[in-house]
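The values are calculated or read from the model by the stated rules, or taken from the named source; none is laboratory data. Remember, predicted model here, so these are calculated numbers, not experimental data. Cβ: placed from backbone, ideal geometry, glycine included. Neighbour counts: every protein chain shown.
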Amino acid sequence: MYKIQKFLTDFFNSIFSLVKVFILSHFFTQIKNKRTNQEEIIILANGPCLTQDLINNHTYINSKTKLCVNFFALSEEYEKLKPEYYVLAAPEFWLPKTSEYFREKKETLINFLVNKTDWNMIILIPYQAKGSDFVNRVSSNNRIEFLYYNNTPIEGLKFVSHLLFRLNLGMPRPHNVLIPSIFLALNLGFKKIIIFGADHSWHEEIKIDETNTVTVNHEHFYDKSKVQMPMYKLEGEKYFIHDIFRKLHFAFKGYFVLRDYAKSLGAEVLNASSKSYIDAFKRIKI
């Protein structure tokens, strides 16, 4: 009975995913034209443990092709490591209406990308960002190239999902920037993907005050102290605790989807983070 129920659920999820692809996705992406012959790439997530990971593995990381995410450019390591790829996923990067906190950080990021990037780098960002103020301003640096991807969430039957993945028409639910980062590295042709700095330990410091406001520690390796603050939806509404655990569920589940997809491509994703709650990928020490 369970197998029948699961098949029907996956079947209808596949149908729904196909509908979303036809409505939301761009059918001609440039990602396949940027495929590489390189075997290995390092993905640097921005978790607190990346500080120690960089200390322990700096020479190794510096010698490899690197992919960074979000506000990594605000760190001192950005100009030292000179990443070849940079992935952005959150709509706050291109939507004009966002929180004051994010708006200030975004302005700083734009300035750093424009003024500090003196090497060739590809920024991968969803199609929705095309023509945005963010893209237009960062494009003033001619060393930076933008490559657009479909962030349409795909679920359902594995063979249908993998076909849509290979065609770059969608990806596992991108609830965390590490998901599109791994996915894009796979579709760029890398066969060995090594992750550093992926603590994913937000649940350790979820707090609820007497007004039922839920706060989460948003600390990153480049922060000087903990950043305990509420999470907000795009509409400005606060997240409740069930919303947060739902997001965590989809993120951690997405890594298992990516593990299976990597295997279908003859690739492997390895987790070298000194601290990590991700249990989908083999843990290694360099």
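Of everything in segment 47-66, what is surrounded by 13 or more Cβ atoms within 10 Å (Cβ to Cβ) and either among the hydrophobic types (A, V, I, L, M, F, W, C) or within 16 Å of Ile123 (Cβ to Cβ) (or both)? Give them in sequence order.
Cys49, Leu50, Leu54, Ile61, Thr65, Lys66
Give the residues of segment 216-254 that are at pLDDT below 85, exposed (fewer than 13 other Cβ atoms within 10 Å of the Cβ) and more than 19 Å from the chain's Cα centre (by Cα), sorted by residue number.
If the condition is that a residue be at pLDDT below 85, exposed (fewer than 13 other Cβ atoms within 10 Å of the Cβ) and more than 19 Å from the chain's Cα centre (by Cα), then Lys224, Ser225, Lys226, Glu235, Gly236, Glu237 are the ones that fit.
Given (1) surrounded by fewer than 14 Cβ atoms within 10 Å (Cβ to Cβ); (2) in contact (Cβ under 8 Å) with a residue 40 or more places away in the chain; (3) under 29 Å from Lys64 (Cα atoms), identify the lone condition not met by Arg143.
If we test Arg143 against (1) surrounded by fewer than 14 Cβ atoms within 10 Å (Cβ to Cβ); (2) in contact (Cβ under 8 Å) with a residue 40 or more places away in the chain; (3) under 29 Å from Lys64 (Cα atoms), just (2) comes out false.
When you look at Lys32, is it modelled with pLDDT of 95 or more and of a type in the set (Lys, Arg), yes or no?
Judged against the criteria, Lys32 is not a match.
Are any of the residues in segment 129-140 hydroxyl-bearing (Ser, Thr, Tyr), crowded, with 18+ Cβ neighbours inside 10 Å and not in a helix (DSSP H, G or I)?
The answer is no; no qualifying residue exists.
Pairs needed: first member in segment 93-111, in a loop (DSSP other than H, G, I, E, B); second member anywhere, of a type in the set (S, T, N, Q) and modelled with pLDDT of 90 or more; C-beta distance under 7 Å; at least 6 residues apart or different chains.
Trp94/Gln128; Trp94/Ser132
Being more than 20 Å from Ser161 (Cα to Cα), more than 15 Å from the chain's Cα centre (by Cα), at pLDDT 85 or above and buried (at least 17 other Cβ atoms within 10 Å of the Cβ) is the requirement here; does Ser276 meet it?
yes
Is at least one residue of segment 202-211 more than 22 Å from Ser274 (Cα to Cα) and touching a residue at least 24 places away in the same chain (Cβ under 8 Å)?
Kept after step one, since they are more than 22 Å from Ser274 (Cα to Cα), are these residues of segment 202-211: 207-211.
Restricting the remaining residues to those that are touching a residue at least 24 places away in the same chain (Cβ under 8 Å) gives 208.
Yes: one or more hits.
Search segment 67-108 for residues being surrounded by fewer than 20 Cβ atoms within 10 Å (Cβ to Cβ) and of a type in the set (Gly, Ala, Ser), and hand back the single one that is farthest from Ser181 (Cα to Cα).
In this case the residue turns out to be Ser99.
State the number of residues belonging to segment 193-209 that are closer than 25 Å to Gly170 by Cβ and over 17 Å from the mean Cα position of the chain (by Cα).
Of the residues in segment 193-209, 0 are closer than 25 Å to Gly170 by Cβ and over 17 Å from the mean Cα position of the chain (by Cα).
Would you call Ser14 more than 19 Å from the chain's Cα centre (by Cα) and farther than 16 Å from Met121 by Cα?
Answer is yes for this residue.
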